[in-house]
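What follows is a single structure, written as structure tokens, with notes after it.
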Amino acid sequence: MTRTDEAQDTRVEGGIDLVLFNLGALRFAVDSEQIRGIADPAETPDVQAPALADLLGLAHARSATSPDTHGSRERLLRFRNGPRDAAQDASQTGGMRIGEPISLRHVPFDAIHPLPALMEALSALPCVRGMVALSTTNADDLAILLDPRRFPNEARTAPRMIHQ
Amino acid sequence: MDLERTEPDAEPSERDTLDMILDRRREAGARILEVETAKVKLVIFVVGETPLALPARVLVEILPLTTIHFVPGCPPALEGVINVRGDIASVVRLGDLLGMTHAPSARRSAILLGQGTQVRSGLRVDRVVDVLDVTEESIQAPPDSLPEPLRGLATGVFEHQGQIVILLDLDRLFQTLLPEQR
């Protein structure tokens, strides 16, 4: 077993760290290992990153997190590319705009649930992988687990540059 | 004609014979009863105004309506997921599968947690009416007059409290959602 495998095994047994954020009334979670950084879009004005709410078909959520309508700030979530895209990582790292607040939470292995079979068979979004139970006492405290490696290609490649 | 009373010592044997006859009759009656009353336990519920039923053996649980969490990317008939004591289950809007309009959510709304041959999912219904044993012979074949898609999903009809109840097949319901199995 390689060292990487051992590290992964330990991580799975002990749980994983998730980055949590909201889009409208929905709460989402992404494995922190898949995130390269969280930036302020105001500091990268040359980048026009897509909104995650658009990718997920949540038009209402996008308007709810829009700084123009509700005053909440947007953040640019930058994802790591998979091993196959390592060569592109430095120059072409996908990013998406999400709304604050953003938090980091360690959750145990058994808090992660795959999508129910019917849902997995019918979902049009491969990036929606499962559900996370964030509380052992509140059954309604759930987050939707996203896998950035399964975002559509156009969303994961280089952000569009704004030409003035 | 001799009308003398029967000898006292004969009474026990006569009672024994009578007891045996009655016992045999009771056993025979019980056997007949068992054959004639083959029953199936059904859960009767309502979607919109239509009384429907599913066999209780395919239903794991009847849950009160709880928070259904929307999951993006799913067809409208898949309303979302619920947390059932730590297990995540999908919830299907049964009315959408049957071409019926659900009543607004109310206190009596419920989720039937169904276990099909391959799929387990919750089914949202507007009201659970009854759980009862119905004799198999009282269940008739679904009439040709049933509209689609109801006709293809029904396995029979029966009368309950003056209303016709449509008995559904859970696997057929799930199959209507799974395109590759249509």
- Query: Do any helices (runs of 4 or more DSSP H) lying entirely in region A:1-83 carry at least 2 residues that are at pLDDT 75 or above and buried (at least 18 other Cβ atoms within 10 Å of the Cβ), and which ones are they?
  - Reply: A:52-55
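Hey, any hits in region A:133-154 for a residue that's part of a strand (DSSP E or B), modelled with pLDDT under 90, under 22 Å from A:Asp40 (Cβ atoms) and out of contact with any helix residue (DSSP H, G or I) (no Cβ under 7 Å at 6 or more places or on another chain)? Don't jump to the end; show me each part of the working.
Kept after step one, since they are part of a strand (DSSP E or B), are these residues of region A:133-154: A:133, A:142-146.
Now restrict to residues that are modelled with pLDDT under 90: none.
The answer is no; no qualifying residue exists.
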- Out of (1) open to solvent by 70 Å² or more (accessible area, probe 1.4 Å); (2) in contact with a Lys or Arg (Cβ under 7 Å, 6 or more places away or on another chain), the odd one out for B:Pro76 is which? (2)
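Among the residues of region B:69-100, write down those that are part of a loop (DSSP other than H, G, I, E, B), of a type in the set (A, V, I, L, M, F, W, C) and more than 10 Å from every other protein chain (Cβ to nearest Cβ). Quick ask: steps written out before the conclusion?
Of all residues in region B:69-100, those part of a loop (DSSP other than H, G, I, E, B) come to B:70-77, B:85-86, B:99-100.
Still in the list and also of a type in the set (A, V, I, L, M, F, W, C): B:70-71, B:74, B:77, B:100.
Result: B:Met100, single match.
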- Query: Condition test on B:Ile111, is it exposed (fewer than 14 other Cβ atoms within 10 Å of the Cβ) and touching a residue at least 24 places away in the same chain (Cβ under 8 Å)?
  - Reply: no
- Hey, can you tell me all the residues within region A:110-128 that are assigned to a loop (DSSP other than H, G, I, E, B), within 16 Å of the chain's Cα centre (by Cα), under 23 Å from A:Gly15 (Cα atoms) and of a type in the set (A, V, I, L, M, F, W, C)? A:Cys127
- Which condition does B:Arg172 not pass, out of (1) under 18 Å from A:Leu118 (Cα atoms); (2) open to solvent by less than 70 Å² (accessible area, probe 1.4 Å), if it passes all the others? (2)
- Message: Can you pull out every residue in region B:138-152 that is in contact with a Pro (Cβ under 9 Å, 6 or more places away or on another chain) and either among the hydrophobic types (A, V, I, L, M, F, W, C) or surrounded by fewer than 12 Cβ atoms within 10 Å (Cβ to Cβ) (or both)?
- Response: B:Leu150
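For the subset of region B:85-101 comprising residues that are of a type in the set (Val, Ile, Thr) and open to solvent by 20 Å² or more (accessible area, probe 1.4 Å), which member is farthest from A:Arg129 (Cα to Cα)?
Within region B:85-101, the first condition is being of a type in the set (Val, Ile, Thr), and the residues that meet it are B:88, B:91-92, B:101.
Of the ones still in play, those that are also open to solvent by 20 Å² or more (accessible area, probe 1.4 Å) are B:88, B:101.
Working: B:Ile88: 13, B:Thr101: 30 Å.
Here the answer is B:Thr101.
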- Message: Show the residue pairs meeting these rules: Cβ distance below 6 Å; 6+ apart or different chains; first residue within region A:107-135 and in contact (Cβ under 8 Å) with a residue 60 or more places away in the chain and more than 9 Å from chain B (Cβ to nearest Cβ); second residue of a type in the set (Ser, Thr, Tyr) and buried (at least 18 other Cβ atoms within 10 Å of the Cβ).
- Response: none
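Any residue at all in region B:123-131 that's within 16 Å of B:Val46 (Cα to Cα) and open to solvent by less than 10 Å² (accessible area, probe 1.4 Å)? Before the answer, list the steps.
Filtering region B:123-131 down to residues within 16 Å of B:Val46 (Cα to Cα) leaves B:123-131.
Now drop any that are not open to solvent by less than 10 Å² (accessible area, probe 1.4 Å), which leaves B:123, B:125.
Scanning region B:123-131 turns up at least one residue that is within 16 Å of B:Val46 (Cα to Cα) and open to solvent by less than 10 Å² (accessible area, probe 1.4 Å).
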- Message: Take the conditions modelled with pLDDT under 80, farther than 29 Å from B:Arg124 by Cα and open to solvent by less than 70 Å² (accessible area, probe 1.4 Å) and apply them to B:Thr37. Does it pass?
- Response: yes
- Restricting region B:101-114 to residues that are under 19 Å from the mean Cα position of the chain (by Cα) and farther than 26 Å from A:Ala111 by Cα, which is farthest from the other protein chains (Cβ to nearest Cβ)? B:Arg108
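The values are calculated or read from the model by the stated rules, or taken from the named source; none is laboratory data. Everything numeric here is computed off the predicted structure, so don't read it as measured data. Methodologically, a virtual Cβ is constructed for each residue, glycine included, from the backbone with ideal geometry; neighbour enumeration extends over all protein chains shown. Accessible surface areas use protein heavy atoms only, side chains included; no ligands, DNA or RNA. Shrake-Rupley method; radii C 1.70, N 1.55, O 1.52, S 1.80 Å.
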